[in-house]
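The values are calculated or read from the model by the stated rules, or taken from the named source; none is laboratory data. Quantities reported herein were computed from a predicted structural model and do not represent experimental measurements. Because the Cβ atoms are built from the backbone with ideal geometry, glycine has one as well, and the counts that use them run over all protein chains shown. When the accessible area is computed, the model is the full protein with side chains, heavy atoms only, and any ligands, DNA or RNA have been set aside. Shrake-Rupley method; radii C 1.70, N 1.55, O 1.52, S 1.80 Å.
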Amino acid sequence: MALRFIGIDPNSDTGQCPTVWVDEATAEVVIQGWKADEALLAQCLETGAIPETEGVVRIPVRMAAMLREACDAAERRAGI
């Protein structure tokens, strides 16, 4: 896996989380965020099941530009 770092939330206290990368081998966006609490998970489950291999995380809207950059990079990598 070849991860390309895109950015870290500039408002994080320790500069650790949330973070955005692009997996250049698979052309996928990789996100580290705050784990969802029970209330958020309950709302998400109204849409459908969350498989054991998946999870729900939160990231702040101030990271929207980083997400756009990651999506653009993944699309370019995939040839879309």
| query | So which of ILE8, ILE59, ILE50 ends up being open to solvent by less than 80 Å² (accessible area, probe 1.4 Å), modelled with pLDDT of 95 or more and not small (Gly, Ala, Ser)? | reply | ILE50
| task | Provide a single number: the residues in region 10-30 that are within 16 Å of LEU67 (Cα to Cα), in a loop (DSSP other than H, G, I, E, B) and without any contact (Cβ under 8 Å) to a residue 24 or more places away in the chain. | result | 1
| note | Picked from region 31-47 (must be assigned to a helix (DSSP H, G or I) and open to solvent by 70 Å² or more (accessible area, probe 1.4 Å)), the residue farthest from GLU75 (Cα to Cα) is GLU38
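Okay, residues lined up against (1) closer than 23 Å to ASP9 by Cβ; (2) among the aromatic types (Phe, Trp, Tyr); (3) touching a Lys or Arg at 6+ places or on another chain (Cβ under 7 Å):
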site	(1), (2), (3)
GLN32	yes, no, no
LEU41	yes, no, no
THR53	no, no, no
VAL57	yes, no, yes
ARG62	yes, no, no
ASP72	yes, no, no
ALA78	no, no, no
